[in-house]
Amino acid sequence: MNGFYDTVISKIFNFKPIVILAKNRNLLEINLDELKIPITAAINITALNFSYSCKQHSHIHCRCRNPCSIILRHSYYMMKYQQYNSSWNHIKINSYCNTFKKMQMIQKRAEGENMKDRHVIEALGKTEVVIENGEVVSVGEPLVEYCPIFDKIDNAKELNKDFIKWNIEKRIREFGMCTAERIVKMPDMMSFGISEILKTNKELGLIDCVVGVCEGVGTLLITDPEIIQGVGGRVSGLVSTTPIPEVIEKVGAENVINPKTAELNPVKGLEMAIEKGFKDIAITILPSKEIAELREYPLPEDVNIYLFVAHTTNATDDEVETAFKNADVITACASGKVRDYAEKEKVYYSGSKVPIFAITPKGREFLDNRLEKIGKASTINDYPLDLEKHPNPLI
């Protein structure tokens, strides 16, 4: 094959090892396709005295010069280069996949290779942030200058682009947000947030399934309280995402509406939950027309749905009205319109800085259950709200 090596000791079949002996010490080129090694394999490669120049997905070009030890992460496979003590240039290729599940996972990654790894979220003052390959590549302009939550957590007196980039990078470091290292089970982030409310009521048996979203996964069904918290507790509004097979495997591909595309679609999530036999279904959703669509969905007589609207900063008048007419729980975030509508309707709430509003009696029950668990007073409907310590500006 290309005349660069003399003998192939064995070929890979079903991920068995292969050893290649090469006499040409100036250039060794291995074409993985010609060796019939599935490009979906995650591969360890060990070789003698060479530096590398990886030119395309299925080729590895090695120039034998100085001893080296380097790790290169590739979209198809992991390649590990290190010195091998021998008089020949030995390249030993071993499968990195030891189980059928791992092979399936890598196959999915290869099938979706033409899909760029890209995750778009709106966070910290409705700022659009783009993460690609585990790196923050774009930070938009924040619409909110101050948030008491991030002042408390990170002592942030201003939501500027530098702080936002730092905060998102911290999430990537701490729990692998938007990467294959994503931790999906986590303890409570705040004493009182949407994910904490859902977790508590799932533990109490009032909710048997949550239709939520996760970066790298898309819309999914969640029944584990720790995953309810881990998926939703520290990620802001998810605008779009692409599949990360490792994360999909952690939450269970059978719980994901579309593992190949990581589609965001709460209506399909509801349909999937009903098909699986769940009866008390909570759905988290951003301000959108889908709120009304979910409420109007023809449900079986024994199925109940509860709508939790989050990330309401900069929501329009129509979106806010739709939320209040159809949802059970709504977060205030930095929305002036949500606060105004809540005050007009005198709905119950909890929170002195960033309130969460209970629109329906069931929504109030959910909030009060969480408040009781953490030893805080029940929801109130005292108005007007004191806006002095709220986010600024309210939009």
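Laboratory data are not the source of any read-out in this text; all were calculated from the coordinates shown. Because the structure is a prediction, the values reported are computed rather than measured. FYI the Cβ positions are ideal-geometry reconstructions off the backbone, even for glycines, and counts take in every protein chain you see.
Full extension of the chain segment joining residue 157 with residue 289 gains 44.1 nm, where the gain is 0.36 nm per residue of separation less the Cα-Cα distance. Please go through the residue pairs 157/337; 116/279; 161/250 and name each one whose alpha carbons sit more than 27 Å apart in this structure. Pairs exceeding the cut-off: 116/279; 161/250.
Model label sites at residue 386 and residue 240, defined 7 Å from Cα along the beta-carbon direction, differ in position by 4.4 nm.
Remark: for residue pairs 126/170; 170/362; 199/268; 346/376, the C-alpha separation exceeds 24 Å in 170/362.
Using a simple spin-label model with pseudo-atoms 7 Å out from Cα toward Cβ, residue 132 and residue 190 lie 3.2 nm apart. Per-residue extension of 0.36 nm, minus the Cα-Cα distance of residue 279 and residue 374, leaves a gain of 31.5 nm for this segment.
Bridge orientation summary for segment 186-373: considering DSSP beta bridges with both residues in this region, about 50 percent are antiparallel.
What are the aspartates and glutamates whose alpha-carbon lies under 20 Å from the alpha-carbon of residue 389, with same-chain residues fewer than 8 places away excluded? Output for residue 389: 145, 151, 154, 158, 340, 343. Excluding same-chain neighbours fewer than eight residues apart, the aspartates and glutamates reachable from residue 260 by a Cα-Cα span under 14 Å are 111, 113, 117, 215, 246, 249. Segment residue 173..residue 318, full-extension length gain: 48.4 nm, with 0.36 nm per residue of separation and the alpha-carbon distance subtracted.
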